Each structure stands twice: as C-alpha cells, then as structure tokens.
1. Given the conditions (1) closer than 12 Å to Gly102 by Cα; (2) surrounded by fewer than 22 Cβ atoms within 10 Å (Cβ to Cβ); (3) of a type in the set (Ser, Thr, Tyr), which single one is not true for Thr144?
2. Quick one: what pairs do we get from the range 50-75, first residue exposed (fewer than 12 other Cβ atoms within 10 Å of the Cβ), second modelled with pLDDT of 90 or more and hydrophobic (A, V, I, L, M, F, W, C), C-beta under 7 Å, 6+ apart or different chains?
3. Out of all the residues in the range 176-190, is one or more modelled with pLDDT of 60 or more, surrounded by 15 or more Cβ atoms within 10 Å (Cβ to Cβ), in a helix (DSSP H, G or I) and of a type outside the set (S, T, N, Q)?
4. Quick one: which of Leu99, Leu119, Leu80 is of a type outside the set (Asp, Glu) and in contact with a strand residue (DSSP E or B) (Cβ under 9 Å, 6 or more places away or on another chain)?
5. Kindly check whether there is at least one residue in the range 96-106 that is closer than 19 Å to Glu50 by Cα and touching a helix residue (DSSP H, G or I) at 6+ places or on another chain (Cβ under 7 Å).
6. Got at least one residue in the range 77-91 being at pLDDT below 90 and either in contact with a Cys (Cβ under 9 Å, 6 or more places away or on another chain) or among the aliphatic types (A, V, I, L, M) (or both)?
Amino acid sequence: MINILKKFIGYLLPHFVILFYRKQKEKMEEVLRRRRFEIVASSFPGLPNEFSYKNLIQSLTALGLDQEQIIAGSIPEGSLLDMVEVIRRENGNSSILGLHIGNYVGVSLVYIARLLVELNPDSHILSIDPNIPHRGISNPQEKTLYLIDKFGLSKNVSILTGFTLEKNLSNDARNYTVYDPVVHYRREYSCENQLDLLIKIIRAPFSFAMIDGNHQKQYLLREISSIESLLSKEGLIILDDVSEGWKEIKEVYDISTPTGFEKIFSNNRIGILKKKKS
C-alpha cells in the first residue's frame, strides 16, 4: 500500500520537483560521508597502547582465545629479544625492511615490528601467512590485525595472505584440538606461491594497477603518485567508478589527469590512464 502511494505521489509531482529532491538528498549524503571521515580522523589519533609481551598475550585472551594455545604457538619473548638484538647489531639504528613468514595470531610479528620501529620509525615488515585455522583458532589473521592496530603498527606492517609455496596441511598435520586438518583441508582457502609473487614484484614493474579503494580525490591522487614508480614504462592505471555518481574520481580522470599519464579509454564506469613515455 505504501509503495502504491509513493508511485501515485510521484505521478502527481512535477518532474523538476523530483529531480530537486534527489539532488538535495545526494548533497546531504555527501555532507554526511565527508563528516564521517572527519569524525574518524579526529577520534582515532592512533595512540599506541602500553607495549609488552605480556600485554600482547592478555590482549588476545581478552578476545576469548585460549592462553595456553597462544603461548604454545608463539615464539618465547627471550628468543624474540635475541632476534631483535642481532638484527640491531648487524644494522645499527638504520631502517629495517624485514620478511616474517607465519603469523599465527601475531605475537612474534607485532613484538619484532614494535621493537624495530622503536629503533627506527621507518622500519617495515612484510608478513606472509595463509590465514587458515591453527591450534583451534579460526581466522588468526583477524587477531593479528587487531594487535597490529592496537599497538600502533598499521603503517609499518604489510600482510600477504597465502602460502609461501604450495598449499599444505594446517596445524602441521597435527590434531591440537578436535579440528582435523585432513577433514578440513578442502575447506581451507588461501593463495599459493606468495614468495614467487614477491620475487616478481621486486624484480619487475607492474603492467597495470587497478584502483578501486578510497574515493576521495586527494587520496586517489596520492595513490597514483605512489603507484607511478611501480609501473612499467607504458604501464596502465585503471580507475573504477569514473562516473557522475563519483565526481571526485571523474575529476581525477577528466580534469586533473595526473602528470605523466594520458587517457586511453572510458566507458562511464572505468577509466584507463597510460603512462607516457619518458
């Protein structure tokens, strides 16, 4: 009945009134969208929590995780301290770029990253983990990301989700809990050969970069600026939502085409930029 009434009113109202209403609604939604960004920026300054190995464990147990399994599956603090000391001795206080394979719930990754960042804030760790159940804990990457955020490392840690080589059995083929790795093998999904991918990334530039993330103009321009150096000589940048519905993205493509690129394709949804020959 309500839908029928709406349609009836729609027939009675002049078309320009409907268009005006829609335009005002779009403006209001845009104001609210921008306000949300402002609220997050002002309310979450990224204050790091008091850091210690003990606090890492307690943060995870507060989520309901089994403390015994957390400790048993994580590298002891003493060994982590020895590890960081050797890294520091060999590199001094210069920025470190490290590779960390196997996260579990993030204790060793976060502990190492935090200490290295305290030595030099420009240090960065790339981790590789398939994010499959381990020691009775499902979606361990979610817990890892929680620790990364809680202890102020979101800008210093990156994660590749997948197996370093081919897919293998979870829990090292052991039954730590009632979870049987063989029974669940087919239902554990993750990418494979991430080390090969990493080697390719380091050795060769990208042929294209498809961007479908933050829809703010300035953020997008900064992304393109960073991506430019990662592209091949005539690499492509593909933008999604190049339409009237997302005017800031359309401006980047139509009006503020980044220096060093040329427009080569558009279909009211995607827009493709090609890197100009240097």
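1. Of the numbered conditions (1) closer than 12 Å to Gly102 by Cα; (2) surrounded by fewer than 22 Cβ atoms within 10 Å (Cβ to Cβ); (3) of a type in the set (Ser, Thr, Tyr), the odd one out for Thr144 is (2).
2. Close Cβ pairs (under 7 Å, with a partner that is modelled with pLDDT of 90 or more and hydrophobic (A, V, I, L, M, F, W, C)) amount to Gln67/Ile57.
3. No, that holds for no residue.
4. One residue alone meets the criteria, Leu99.
5. For the range 96-106, residues closer than 19 Å to Glu50 by Cα and touching a helix residue (DSSP H, G or I) at 6+ places or on another chain (Cβ under 7 Å): present.
6. No, the range 77-91 has no match at all.
The values are calculated or read from the model by the stated rules, or taken from the named source; none is laboratory data. Bear in mind that the values here come from a model prediction, so they are computed numbers and not experimental data. Quick reminder, even Gly has a Cβ in these numbers, built from the backbone with ideal geometry, and neighbours come from all protein chains shown.
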